[in-house]
Amino acid sequence: MGYRYELRLSGDVGHGLILIGKILAEAAAIYDGLNAIQTQSYGEESRGEANRSEVIISDEDIVFPKVERPDLLLCLSQVAHDRYIDQLKSDGFLIIDSQRVLDFSDDHEKLFSFPFFQTALDEFKDESMASSIALGVVADLLGVVSPRAVHLALRARIPKGSEEMNEKALKRGYQMAKEKLSSTMMNPEL
């Protein structure tokens, strides 16, 4: 029996969600030899409300290309959280920005909160690096796409001249995920 992972990356227009969705899908399909599809929202979401990028990764054929019940939901804004939280699988990963999503139920079993935008500002002096940080966190927690594949897809997709900073932000995201998982394993009540 194969696997199929559905991901929804959500937030505001300009958060880089479509780019990180494309990077994840290309990492899986081009560099890791899996099947993947990526779609993004248009319409009302593209006018500033909850924007989204969706990715499906599978080791089998993908017959239906729409995410219906995500295994992983990334929310970089409160509007995105409020719009999509009810569709997340009960055992799915919920990843939120700790400073932009403040109204949420903390009883979700796989809730992970990270200061993506604040880390981008503090460590890179550039809020746009939040998307590369989030990409590292999502890729690490998902654990389906190899870090090498994500790195190669990132390099192929980002603007020339920004490779070094984006790679550092990606590594920071992987590090943040590992630190969070480590502390959660040490303190299961968190």
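Only the coordinates and a few stated rules stand behind these numbers; no lab work does. Owing to the predicted nature of the structure, the values given are computational and were not obtained by experimental measurement. Note: ideal-geometry Cβ built from the backbone for every residue, glycine included; neighbour counts use all protein chains shown.
Extension gain, LYS89-ARG4: 0.36 nm per intervening residue step, less the Cα-Cα distance, totals 29.3 nm.
Extending 7 Å from Cα along the Cβ direction at ARG157 and again at GLU60 yields two label points whose distance is 2.6 nm.
DSSP beta bridges fully contained in the chain are about 55 percent antiparallel.
Taking 7 Å steps out from each Cα toward its Cβ at GLN175 and LEU121 produces label points 2.0 nm apart. Here the 3J(HN,Hα) profile of segment 2-10, calculated from phi with Karplus coefficients 6.51, -1.76 and 1.60 at θ = phi - 60°, is x, 10, 9, 10, 10, 10, 10, 10, 9 Hz, Gly and Pro shown as x. Just tell me the longest site-free run in the chain, where the sites are GluC sites (Glu not before Pro) in a DSSP loop having at most 14 other beta-carbon atoms within 10 Å. So the longest stretch without any such site is 110-188. Taking every alpha-carbon pair under 8 Å whose residues sit at least 6 apart, the chain reaches a relative contact order of 21 percent.
Of the Cα atoms belonging to segment 4-185, the radius of gyration and Dmax stand at 14.9, 43 Å. Taken about its Cα centre, the chain carries a charge dipole of roughly 560 debye when the Cβ of each Lys and Arg holds +1 and the Cβ of each Asp and Glu holds -1. Of LYS22, LYS178, the sequence from fewest to most neighbouring Cβ atoms within 10 angstrom is LYS178, LYS22.
Ranking HIS108, VAL145, VAL55 by how far each Cα lies toward the positive end of the dipole of segment 4-185 (charges on Cβ) leaves VAL145 at the top.
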